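Encoded as structure tokens, the structure appears first; notes follow it.
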Amino acid sequence: MAYFDYASGCPVDRRVIDAMIPYMIDVIGNPSSVHSMGLKARSALDEARGKILRLIGTEDGEIIFTSGATEANNLAIIGFGMRNRGKGKHIISSSIEHMSVINSCKVLQKNGFDVTYIPVDRNGIVRVDELEESIREDTILITVQHANNEIGTIQPVEEIGEIAREKGIVFHVDATASLGKINVNADRMNADMITLSSNDIYGPRGVGGLFIRKGVRVQPIIVGGGQEKGYRSGTENVPGIVGFGVAAEITEKEYREEAKREEKLRDEIIRRMLEIEDTYLNGHPELRLPNNVNVRFSYIEGESLVLSLDMEGIYASTASACTSKTLQPSHVLMACGLKHEEAHGSLLFTLGKETTEKDVDRLMEVLPMVVEKLRKMSPLYKKKKGG
Ligand code: PMP
């Protein structure tokens, strides 16, 4: 098989699994317990927090562990909005955010907030001039992703962070797609909150975190016994958090080399795919995650292409795995100005640690044939060919 769907699911690193096992068998204390087994669990959580803070290059805040990036985005946006609504009720975001950001903004809209979604250009870059112009007296939060999980476009977050800092507006960055692929540095981005996900850096699923800078006030969205400094109640997922910490430690050491390796494979795939007639790249040609290839094939339904590739043991995605159930065209591709049929004809290939040159060869051996076969069934293609 050749797996090109890392953005939807990553294998857990062996070293991470090895580090987690003792926390499922031996160190079974509850971090809130005062006995020594509880203290051991608590110190494991603190150690993991330290490793994640080091990965994002800051000491000026906290990591609050959550069940994943979706919950972290909810906490950042709904939690911050509800806590600070006395200061203002205007939020700025972009039109290509993950649905967990967009739907969190919608919750605030139902609670009387006004949200401005800044458009993007054809390559998916947020229009910073429009963002700056949309700032109002009552703007309390700007939330923009670091990189897009579908088209891989990397946003000018440092520039946006500078604007936010200058105006005294809190800046939240969803770094789910970028962490472990490119440098995520909280201080350089002037980010006040950052959403992080464990599985995207080869840690276990169902774990994530929100970085909250000192002085930023957030209201919890999950209440109970007051764990995680009251920001997120519920007994902590100790093995999962230990795994997330070790994954962060490994990522910090290894991601640069790995990104270079994946970038070469990515460029090779893009070059070879664009040799297929009527095929175009989605997203930015350069400001792009090293593991992302998003391509559209005219006269083809992405779903059929995914299924045909699956039959050959090749795994890819249409749009993002998170929204593909809706059968709506990707809101990200639509925001980039693509037509419905162009968005539906788009495919996402994401690379990871175990992707090899051989996988790329296998993909490029099969893909042109499958594209040709599907196009032959398309009436529009036949018409174009005069058949
Ligand atoms: N933000 C981005 C940019 C994502 O790509 C995803 C999905 N991987 C999420 C948030 C939500 O992550 P999860 O489904 O793991 O909660």
Looking at 69, 41, 19, 2, can you tell me which residue is within 25 Å of residue 186 (Cα to Cα) and either surrounded by 20 or more Cβ atoms within 10 Å (Cβ to Cβ) or away from the ligand (no atom under 16 Å from the Cβ) (or both)? 69
First in region 30-52 and free of Cβ contacts under 8 Å to residues at least 24 places away in the same chain, second anywhere and basic (Lys, Arg), Cβ under 9 Å, 6 or more apart: 33/42
If you take just the helices (runs of 4 or more DSSP H) that sit entirely in region 267-386, which of them hold at least 2 residues that are more than 16 Å from the ligand (Cβ to nearest atom) and open to solvent by 80 Å² or more (accessible area, probe 1.4 Å)? 302-311, 340-344, 357-376, 379-384
Has region 231-249 got at least one residue that is out of contact with any helix residue (DSSP H, G or I) (no Cβ under 8 Å at 6 or more places or on another chain), buried (at least 22 other Cβ atoms within 10 Å of the Cβ) and of a type outside the set (Val, Ile, Thr)? no
Filter result for the condition that a residue is surrounded by fewer than 23 Cβ atoms within 10 Å (Cβ to Cβ) and touching a residue at least 24 places away in the same chain (Cβ under 8 Å), over 212, 221, 160, 194: 221
Within region 72-101, the residues that are open to solvent by less than 50 Å² (accessible area, probe 1.4 Å) and either free of Cβ contacts under 8 Å to residues at least 12 places away in the same chain or among the aromatic types (Phe, Trp, Tyr) (or both) are 80
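The values are calculated or read from the model by the stated rules, or taken from the named source; none is laboratory data. Bear in mind that the values here come from a model prediction, so they are computed numbers and not experimental data. Neighbour counts run over all protein chains shown; Cβ positions are idealised from the backbone, glycine included. Only protein heavy atoms, including side chains, enter the accessible area calculation; ligands, DNA and RNA are left aside. Shrake-Rupley method; radii C 1.70, N 1.55, O 1.52, S 1.80 Å.
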